[in-house]
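Since the structure comes first, as structure tokens, the remarks are kept for the end.
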Amino acid sequence: MDCNKTMTAHRGRAVGTLMALLLLLTGCRMSVSLTGGTVDPRAKTVAITTFQNNASLVNPTLSQSFTTALKDKIQGQTPLTIVATNGDYELEGEIVNYNVSPVAIQGNETAAMNRLTISVRVRFTNSFDDTQNFDQTFSRYADYSSTQNLSSVEATLVSEINDALTDDIFNKAFVNW
């Protein structure tokens, strides 16, 4: 009976030691993990310039709200410090489309829904790995009932679209999808 207790104690210590060793080994990484992506361990800064609104239809607050949403996303998901210029990573670009169009046309040729679409051109520069650089346009939209006035739902829609756009840009820049 004492032999079984001794064997169980040895197994328990062996399993504990093995788990501690595994935790130690998995804790040694050469990069900072970000929900499946990485930031080069040498990187300390990211420069994000204000995205100017060059769309033909201009929302006067979109430039600032989009840029702020992008900065908040990167600051909240990475250890990087945001700087004005010369970052280890750089994000710049412009809002190229802000458009409302009808969707879900009914039998009487009236739209049941309208769609707000925002497109942003982004240039990303990684000073440590040129193969990660990109120049790409990202587009997202949100639909709303045609019985609603755009001005009554615009702030909510823009916020939803900004969240989706910043997720896409973050994933492309740091998660490499």
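Coordinate-derived values only; no laboratory data. Everything quoted here is computed from the prediction, not taken from an experiment. Glycine also receives a Cβ, built like all others from the backbone with ideal geometry; neighbour counts cover every protein chain displayed.
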Provide the FRET efficiency to the nearest 0.05 for the Asp143-Gln75 pair, computing r from the beta carbons and using R0 = 25 Å. 0.25
Sorted peptide list for 71-79, 156-164, 129-137, 112-120, criterion being average Cβ within 10 angstrom, highest first: 112-120, 156-164, 71-79, 129-137
Can you tell me which aspartates and glutamates have their Cα less than 19 Å from the Cα of Lys73? Leave out same-chain residues fewer than eight positions away. Asp40, Asp88, Glu90, Glu92, Glu94, Glu160, Asp163, Asp167, Asp168
Test of the criteria: in the range 51-141, which GluC sites (Glu not before Pro) are in a DSSP loop and have at most 16 other Cβ atoms within 10 angstrom of their Cβ? Glu109
